[in-house]
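Peer 1: What follows is a single structure, and I will ask about it in a moment.
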Amino acid sequence: MESPKLIAGLARRVRDVGLAEDLAQDALVAALEQWPESGIPDKPGAWLMTAAKNRAINSLRRGTMLHRKHEQLGREMDAEAERLVDNLEAAIDDDIGDDLLRLVFTACHPVLSTEARVALTLRMLGGLATEEIARAFLAPESTIAQRIVRAKRTLAEQKVPFEVPRGDDRAPRLSSVLAVIYLIFNEGYSATAGDDVMRPALCEDALRLGRILAGLEPREPEVHGLVALMELNASRSAARTSPSGEPVLLLDQNRAVWDWAQIDRGLVALGRAEALGGARGQYALQAAIAACHARARTPGQTDWARIAALYEELAEVIPSPVVDLNRAVAVSMAEGPAAGLALVDALRDDPLLRSYHLLPSARADLLAKLGRMTEAREEFERAASLTQNARQRESLLERAAECARESR
């Protein structure tokens with residue numbers, strides 16, 4: 001819990017995220033060594049920050065002694081190092097909020113690949129060990145470790161400033177941060193590979209990061225929109241899988257086990273986003289769609305016409321065939337399967353959807369509702385061949401088998 005604060009406070013002064021993490025880890029190791037004998041201090045965070053600060057100062061002074069050997073730097077280097085030490089001592093205990101915000105923007109800097117941003121964010125701000133990140137994304141630990149090392153090296157080599165972006169640079173940088181957090185959430189909410197439908201720990205990590213960001217950026221509507229979207233979607237987690245781990249479709253879920261307290265938090269966050277003028281933000285619009293489901297105590301109470309209209313508005317903000325597909329499903333619920341199938345069929349040749357298993361899955365569901373079981377079976381089988389998630393594949397093949405039985 002304290003690790004991100006330590007790293008953020010140190011990185012502001014030493015201007016090196018990698019070094020800051022090393023210093024923070026040294027302080028945590030010191031705690032593991034000393035606290036069993038001395039006891040946990042009344043203010044563990046303050047103790048850790050003091051220990052990290054002292055290690056930072058010692059590191060700077062060791063650097064000063066090394067550089068004193070170079071006469072060309074002479075007293076200037078000595079004075080500069082002492083100035084840094086003084087600044088570190090004076091500022092390390094300042095309010096940590098701005099430092100955390102700087103760390104968020106640095107970890108999600110566009111100079112890094114998307115994969116590197118995700119790994120570094122989970123490491124620096126999520127407090128996850130390399131092993132935990134690797135397990136969450138079903139990747140070799142060595143791959144994740146190399147990704148993190150390269151990310152920190154890139155930040156240092158590119159001299160990425162440890163600061164909150166201002167002016168014209170701010171909006172795209174904030175967008176990058178939100179995209180990273182939402183990517184982490186989505187991988188937890190609908191695992192793209194492996195044997196589980198969900199990875200709840202990733203959802204929790206993303207939610208924690210989103211809530212932190214909302215506290216640091218209270219006037220940014222899209223931050224609240226993203227938090228609302230994650231809260232509302234996560235509220236259904238307990239109902240999304242059967243006791244045996246099979247996926248349960250939204251309309252078949254037991255709404256009694258939805259987390260209604262979390263739904264309330266999501267609706268409050270959505271209200272904040274809208275009050276700040278962000279109703280047409282991409283995350284706020286998606287949250288508004290999730291809110292339509294959350295407000296429906298039974299499937300029959302769902303306002304599908306409203307959901308279809310929101311998807312149409314979302315398509316104007318972020319044009320995407322996936323959004324169009326979701327709108328088609330909503331239209332099928334509002335106007336009937338034939339109307340939805342016509343919209344889905346119009347998307348079949350879109351190159352971006354050729355490997356997207358939810359396209360044939362949605363088409364199969366609509367065909368089944370229209371009684372075209374043979375075609376539905378073929379589409380469910382095609383969808384099963386495209387997904388990399390074992391549970392989803394099993395579920396799709398079961399539905400294909402049901403269609404085959406009914407077609408007989």
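The values are calculated or read from the model by the stated rules, or taken from the named source; none is laboratory data. The shown structure was predicted, so the numbers you read here are calculated from the model rather than taken from an experiment. Cβ coordinates were reconstructed from backbone atoms using ideal geometry, including for glycine residues, and neighbour counts include every protein chain displayed. Just the protein is used for accessible areas: all its heavy atoms, side chains included, with ligands, DNA and RNA removed. Shrake-Rupley method; radii C 1.70, N 1.55, O 1.52, S 1.80 Å.
Okay, residues lined up against (1) within 23 Å of Ala156 (Cα to Cα); (2) at pLDDT below 75:
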| residue | (1), (2) |
| --- | --- |
| Ala27 | yes, no |
| Trp35 | no, no |
| Ala51 | no, no |
| Met65 | yes, yes |
| Lys69 | no, yes |
| Arg83 | yes, yes |
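Peer 1: Let me ask something additional. Determine whether Ala294 is farther than 28 Å from Glu204 by Cβ, over 20 Å from the mean Cα position of the chain (by Cα) and in a helix (DSSP H, G or I).
Peer 2: The answer is no for Ala294.
Peer 1: While we're on this one: If you go through segment 85-135, how many residues are within 17 Å of Leu6 (Cα to Cα) and at pLDDT 75 or above?
Peer 2: Going through segment 85-135 one residue at a time, the tally reaches 20.
Peer 1: Turning to a different aspect of this structure: Out of Ala338, Ala364, Ala368, I need the residue that is free of Cβ contacts under 8 Å to residues at least 40 places away in the same chain, part of a helix (DSSP H, G or I), of a type outside the set (Lys, Arg) and more than 18 Å from Asp252 (Cα to Cα). Which one?
Peer 2: When all the criteria are applied, what remains is Ala338.
Peer 1: Still on this structure: Quick one: in segment 107-122, of everything that is open to solvent by 50 Å² or more (accessible area, probe 1.4 Å) and in contact (Cβ under 8 Å) with a residue 60 or more places away in the chain, which residue is nearest to Val180 (Cα to Cα)?
Peer 2: Thr114
Peer 1: When only residues in segment 278-326 that are free of Cβ contacts under 8 Å to residues at least 40 places away in the same chain and of a type in the set (Lys, Arg) count, which is most open to solvent (accessible area, probe 1.4 Å)?
Peer 2: The selected residue is Arg295.
Peer 1: Pairs needed: first member in segment 162-178, closer than 15 Å to Leu100 by Cα; second member anywhere, loosely packed, with under 13 Cβ neighbours inside 10 Å; C-beta distance under 9 Å; at least 6 residues apart or different chains.
Peer 2: As it stands, the answer is Pro165/Ala171; Pro165/Pro172, since those pairs meet every condition given.
Peer 1: Taking the residues in segment 253-277 that are part of a loop (DSSP other than H, G, I, E, B) and either open to solvent by less than 10 Å² (accessible area, probe 1.4 Å) or touching a Ser or Thr at 6+ places or on another chain (Cβ under 8 Å) (or both) as candidates, determine which candidate is farthest from Arg240 (Cα to Cα). Even if it seems obvious, please write down each step before you answer.
Peer 2: Going through segment 253-277, the residues part of a loop (DSSP other than H, G, I, E, B) turn out to be 253-254, 258-259, 276-277.
Still in the running and either open to solvent by less than 10 Å² (accessible area, probe 1.4 Å) or touching a Ser or Thr at 6+ places or on another chain (Cβ under 8 Å) (or both): 258-259.
Details: Trp258: 9, Asp259: 12 Å.
Filtering segment 253-277 for residues that are part of a loop (DSSP other than H, G, I, E, B) and either open to solvent by less than 10 Å² (accessible area, probe 1.4 Å) or touching a Ser or Thr at 6+ places or on another chain (Cβ under 8 Å) (or both), the one farthest from Arg240 (Cα to Cα) comes out as Asp259.
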